[in-house]
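Below: one structure, written as structure tokens.
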Amino acid sequence: MAEGAYSEFLDGEVLGRLMRRFLHARIPMIGTLAGQHRSPYRGSSVEFAEYRKYVPGDDLRRLDWRVLARTDRYYIREFEADTNLRNYLVLDCSGSMAFGQHGERKFDFARRIAATLGYITSHQGDAVGLQCYGEDRLHDIPPRRNPAHLKYVFDTLAKVQPDGETSLVEQLHQLAERIRQRALVIIISDFFCDVDELMNCFQHLAFQKHDFACFHLLDPNEIKFEFDRPMRFVDMEDNSVLLAEPEVIRDVYKEAVTEYLTALHEGCNKFNADYRRIETDGDYEKTLADFLIDREVYSKD
């Protein structure tokens, strides 16, 4: 694959460093192939799980003869089965993702995260798919495991652009219903939607037993609100206009943002979502390195 063709969102040096890490699922996965992720079923890996009593028909090769000699009872040794992972990358393509106060759009940062995690997923032998949502579902690429499919994902990332209002809440509900087996769902968005409605989506994903992570992208000025003169604010999704004096509304704005961020973070914790808040002037390599390391540690607990 010619990585130069995707230089807008793929950095070979960053990939080289991050490829030393493995993208782990935090919960047992159910797949159709042998892989490197825990399964809820018992199998034949080297990781011992537990003993259970022998029943007629069990494979005698798994009988623990030492326990039999000590207790005169028949016990079977069970092991953790390993399976493959399906990774659904969910990219918010609504108009608000085009915002960038210093030339770096939230959408540009989001594409780098999506592309890098897609590359890592594919090269560790797992399946990667891409869901792009704006006003409607723009692209629905189901997870596959081959390099040609990864090129299709990258080609889509290269041409998609942010525009229109968000349909993230509706589309996440539909995605939770469409995914038939447990999967890793990585949502990359500014989450400019009602928090209570978003939490209903997360509850839906958790109920379906999916492992999901949220990369919450914000421009620094959306938090700091460092405007110093009367401004004309334009909603990038519905084009509505608000004329305001920043000095007058700054305290109220910051209080509202703090309440919103707190509610979102607490809601993610409630439904065991892996929440990552990111400002777009930060280092995306460090963001992803921390994400991969934390998941590696979590998977060993």
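No value in this document is a laboratory result; all are computed from the given coordinates. Note that the coordinates shown come from a computational prediction; the quantities given were computed from them, not determined experimentally. When we count neighbours, we look across all protein chains shown, and the Cβ atoms used for this are built from the backbone with ideal geometry, even at glycine.
Here the residues 63, 130, 242, 117, ranked from fewest to most Cβ neighbours within 10 Å of their Cβ, fall in the order 242, 63, 117, 130.
A helix-only calculation puts the chain at -12000 deg cm²/dmol for mean residue ellipticity at 222 nm, using -39500 (n - 2.57) for each DSSP H run of at least four residues, averaged over all residues. For segment 168-198, the set of GluC sites (Glu not before Pro) satisfying both a DSSP loop assignment and a count of at most 10 other C-beta atoms within 10 Å is empty. Computed from Cα positions, the angle between helix 195-207 and the longest principal axis of the chain comes to roughly 10 degrees. For residue 158 and residue 229, what does the FRET efficiency come to when R0 = 45 Å and r is the distance between their Cβ atoms, rounded to the nearest 0.05? FRET efficiency, residue 158 to residue 229: 0.75. Pairs 159/224; 151/286; 224/286: which are spaced more than 27 Å apart, C-alpha to C-alpha? Correct reply: 159/224. Couplings 3J(HN,Hα) of segment 174-183, computed from phi: 5, 5, 4, 7, 6, 6, 7, 10, 3, 8 Hz, in residue order, whole Hz [Karplus 6.51 cos²θ - 1.76 cosθ + 1.60, θ = phi - 60°; x for Gly and Pro].
Springs between Cα atoms under 10 Å define the GNM used for the chain, and in it the highest mean-square fluctuation of 127, 110, 263 occurs at 263. Residues in segment 105-112 carry Karplus couplings, in order, of 6, 4, 5, 4, 4, 5, 5, 5 Hz; the curve used is 6.51 cos²θ - 1.76 cosθ + 1.60 with θ = phi - 60°, and Gly or Pro positions show x.
Amide H contacts of residue 84 (H built 1.01 Å from N, in plane; Pro and chain starts excluded): 31, 32, 33, 35 sit under 5 Å, all sequence-distant by 5 or more or on other chains. Across segment 219-224, coupling constants 3J(HN,Hα) worked out from phi with the 6.51/-1.76/1.60 Karplus curve, θ = phi - 60°, read 6, x, 6, 6, 9, 7 Hz, and Gly and Pro carry x.
Once backbone amide H atoms are built at 1.01 Å from N, residue 135 has 165 as its partners under 5 Å, excluding neighbours fewer than 5 places away on the same chain. Most tightly packed first, judged by the mean number of other beta-carbon atoms within 10 Å of their residues, the peptides 282-294, 184-196 read 184-196, 282-294. DSSP assigns beta bridges within segment 204-288; of those with both partners inside it, close to 40 percent run antiparallel.
Among beta bridges from DSSP that stay inside the chain, the antiparallel ones total about 45%.
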